[in-house]
Amino acid sequence: MSPTATAFDIKSASLDLLALLLKTADADTLNAALEARFAVTESPEPFVLDLEALPEPEALDLGRLLPMFARRGVRVVALRHPDEAFAALARRYGLAFAPASSARLAEPAAPAAVEPPRAPEPPVANTLIVDKPVRAGQQIYARGGDLVVLSMVSAGAELIADGSIHVYSHLRGRALAGARGNTAARIFTLAMEAELLSIAGVYRTIEQALPASIAGRPTQVYLENERLVMSALGD
């Protein structure tokens, strides 16, 4: 058999990606929102850009938006919209296109080999542990599990986790738990001084002084009736 015949195989696959739902096509508004929620990073994560709230592909200036997203850690790999007219826009910028309300990318794949059914494996809980200070401009993402930080998180730093976030020191940056929609996720810190908090997409910016009961003190953050609740640990 020729070596080229065994150089690679083609198999079916699905990609579980975060989606960024755009509610406006205005680049200046989006840039301001990105600056408020994301730190500048050199290691962007792949995202699906959900455009279902936008009626026309011509309204979107992707040539300006894609680099702007990438600077803030959002590397767009696909567009999502029920209208096939957006597929041409995706092709123009070398992106995949998902025509339905799913993060599974619409790419052709060869049929997978038929295998005997297997018993489902139990999910593996991944925990990312960081034992060094997280500096301004750094972004840390715990994909598929919890994030544990054993040192200080500076203002301008960003923590993201699909599960819960635990900071055993001062939390002065941004913390986004339940990034893939886990409403049971929580944020814990020994010294609450955060700039922004988010669980499952419900977020709150800390623009005013925190209540004395939690400012600089051990605090937990959780969702209750679709709103963020901050309470002192031990209460």
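Given a 1.4 Å probe and every protein chain left where it sits, what share in percent of the accessible area of segment 123-196 is carbon and sulfur?
Answer for segment 123-196: carbon and sulfur cover 55 percent of the accessible area.
Quote the FRET efficiency, to the nearest 0.05, computed for Thr24 versus Arg92 with a Förster distance R0 of 22 Å and r equal to the Cβ-Cβ distance.
For R0 = 22 Å, the calculated efficiency reads 0.60.
What does the net charge come to around Val134 if you take all other residues with beta carbon closer than 12 Å to its beta carbon, with K and R at +1 and D and E at -1?
+2
Could you provide, to the nearest whole Å², the per residue accessible area of segment 166-222 with probe 1.4 Å?
About 45 Å² of surface per residue is accessible.
The values are calculated or read from the model by the stated rules, or taken from the named source; none is laboratory data. Bear in mind the structure is a predicted one, so any value in this text is a computation, not a measurement. Reconstructed Cβ throughout: ideal geometry from the backbone, glycine too, with neighbour counts over all protein chains shown. Ligands, DNA and RNA are excluded from the accessible area calculation, which covers all protein heavy atoms including side chains. Shrake-Rupley method; radii C 1.70, N 1.55, O 1.52, S 1.80 Å.
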